[in-house]
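I have placed the structure first, in the form of structure tokens, so that the comments after it can refer back to it.
What follows is calculated from the coordinates using simple rules that are stated; it is not laboratory data. These figures come from a predicted structure and were not determined experimentally. Glycine also receives a Cβ, built like all others from the backbone with ideal geometry; neighbour counts cover every protein chain displayed.
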Amino acid sequence: MLSAWIGSFIFAGAAVFYILLTLGLPYGEFAMGGKHRIMPSQMRVACAVSVVIQLLAILYLLQAGHVISIGLPFDRGVYYFFAVYLILNTVMNLLSDSKKERLVMTPLSLVTAICFGLTAIMRGS
């Protein structure tokens with residue numbers, strides 16, 4: 001399922017990005033409001049937690065798209081949860097003071113939200 005591949009690819013890129021933020025690389029202008037070029041230690045912890053959530057979401061998405069089979073239970077609510085979460089994330093990115101975050105992260109978040117929604121809809125049919 002193409003939407004699972006696209007969503008997973010974007011989320012994998014986001015996970016790598018958040019790993020770099022966790023390690024202290026200076027890309028903070030693209031995330032979490034863009035106020036910190038290098039994330040302070042508390043925000044690095046939040047970035048690390050985000051990576052774990054993103055990786056779990058990738059596994060769910062790839063399984064729903066019949067790309068992998070690892071025994072995760074199918075629950076359409078999980079996909080809708082991520083779709084709604086990413087729509088809210090898109091809105092927050094649009095409202096960010098950081099132009100970089102608005103221009104880069106907003107469309108990525110929106111496309112990923114659509115991928116989760118489409119996967120949930122198509123998987124159920």
*Pick from LEU86, LEU25, LEU62: which is most flexible by mean-square fluctuation in a GNM of the chain where alpha carbon atoms under 10 Å apart are linked?*
LEU25
*asked:* Loop only by DSSP, 16 or fewer other Cβ within 10 Å of the Cβ. Give me the chymotrypsin sites (Phe, Trp or Tyr not before Pro) in the stretch 45-106 that pass, ordered by residue number.
replied: PHE74
_Can you give me the angle between helix 106-124 and the longest principal axis of the chain, using Cα atoms only, in degrees from 0 to 90, rounded to the nearest 10?_
20
*Work out the FRET efficiency for LEU2 and ILE53 from their Cβ-Cβ distance, taking R0 = 25 Å, and round it to the nearest 0.05.*
0.60
*May I ask you to evaluate 6.51 cos²θ - 1.76 cosθ + 1.60, the Karplus curve with θ = phi - 60°, for each residue of the stretch 84-97 and list the ³J(HN,Hα) values in order in whole Hz, giving x for glycine and proline?*
5, 4, 6, 5, 4, 4, 4, 4, 4, 4, 4, 8, 5, 6
*asked:* Calculate the FRET efficiency for SER41 and VAL104 from the Cβ-Cβ distance with a Förster distance of 25 Å, rounded to the nearest 0.05.
replied: 0.55
*Please state the relative contact order of the chain as a whole percent: Cα pairs under 8 Å, 6+ residues apart?*
34
*Report, in debye and to the nearest 20, how large the dipole of the chain comes out about its Cα centre when Lys and Arg carry +1 and Asp and Glu carry -1 on their Cβ.*
160
